[in-house]
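Novice: Quick one: the structure is below, and I'll ask about it shortly.
The values are calculated or read from the model by the stated rules, or taken from the named source; none is laboratory data. What you are looking at is a predicted structure, and each value in this text was computed from that prediction instead of being measured. Glycine also receives a Cβ, built like all others from the backbone with ideal geometry; neighbour counts cover every protein chain displayed. Calculation scope for accessible area: heavy atoms of the full protein, side chains included, ligands and nucleic acids excluded. Shrake-Rupley method; radii C 1.70, N 1.55, O 1.52, S 1.80 Å.
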Amino acid sequence: MDPWGQDDDDRVVLRAVLNALRPWAEQLQTDLPLALREQWPREVVAAAEHLHAVSPRHRGDTDEHATTGWLSADDDATWAAFVAFAPHALDADVMTDGGRAVVGLADEGTSLALRLTAEQQEAVEAVLGNRRLRPLR
């Protein structure tokens, strides 16, 4: 998206983009850099705690860093937690039917990649405001 930085307005837009793509979302995953929780707003801490609670434990998970693994996007509370948390993740993804990644986020939302069908692109463009999608080839 252009323009794109990583301020509060960009986080709002990112969350709107995620919500616009929910009808196609089947699975989601994120890392949970829990060592950074002191830097997060209260609602982001609560979102991380929800995601951590519903995630199976994985080898290598610690109190400082964990991963969710792939979770169903069908649960409203988990989806809401993911949307709140994703702009703070080091790595977060949304997958659609057939294992096709539609959203890839990295580095606390500073890197965003979308792989969209024409219908998904329309849904995203409807929430972008003064931003536009910038194709990467």
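Novice: Which whole-number percentage describes the relative contact order of the chain, with Cα contacts under 8 Å and a sequence gap of 6 or more?
Specialist: RCO, the chain: 31 percent.
Novice: What ranking, highest mean first, results for peptides 65-74, 127-136, 96-105, 26-35 when packing means the other Cβ atoms within 10 Å averaged over each residue?
Specialist: On the way: 65-74: 16.8, 127-136: 11.2, 96-105: 15.3, 26-35: 18.9.
Descending packing order for the listed peptides: 26-35, 65-74, 96-105, 127-136.
Novice: If you don't mind, there's one more thing I want to ask. At a 1.4 Å probe, what is the % contribution of carbon and sulfur to the accessible area of the chain? Walk me through the intermediate numbers first.
Specialist: Values: 3520 of 7460 Å².
Percent of accessible area from carbon and sulfur atoms in the chain: 47.
Novice: Something else now. Where only protein heavy atoms count, and the probe is 1.4 Å, what is the accessible area per residue for the chain in Å²?
Specialist: Details: 7460 Å² over 137 residues.
Computed with neighbouring chains in place, this is 54 Å² per residue.
Novice: Could you tell me which of 27, 80, 41 has its Cα farthest along the dipole of the chain towards the positive end, charges placed at Cβ (Lys, Arg +1; Asp, Glu -1), taken about the Cα centre?
Specialist: Comparing the listed Cα positions along the dipole, 27 ranks first.
Novice: Another question about this same structure. How many angstrom lie between the C-alpha centres of segment 51-85 and segment 106-137?
Specialist: Each part's Cα centre sits 23 Å from the other's.
Novice: Based on the mean of other beta carbon atoms within 10 Å per residue, what is the order of 80-86, 36-42, most packed first? List each step's numbers first, then the result.
Specialist: Details: 80-86: 23.0, 36-42: 12.1.
Those peptides, ordered most packed to least, come out 80-86, 36-42.
Novice: May I pose another question? Would you please calculate the Kirkwood hydrodynamic radius of the chain over all C-alpha pairs and express it in Å, rounded to one decimal? Before the final figure, lay out each step's value.
Specialist: Values: mean 1/r = 0.0664 Å⁻¹.
It is 15.1 Å.
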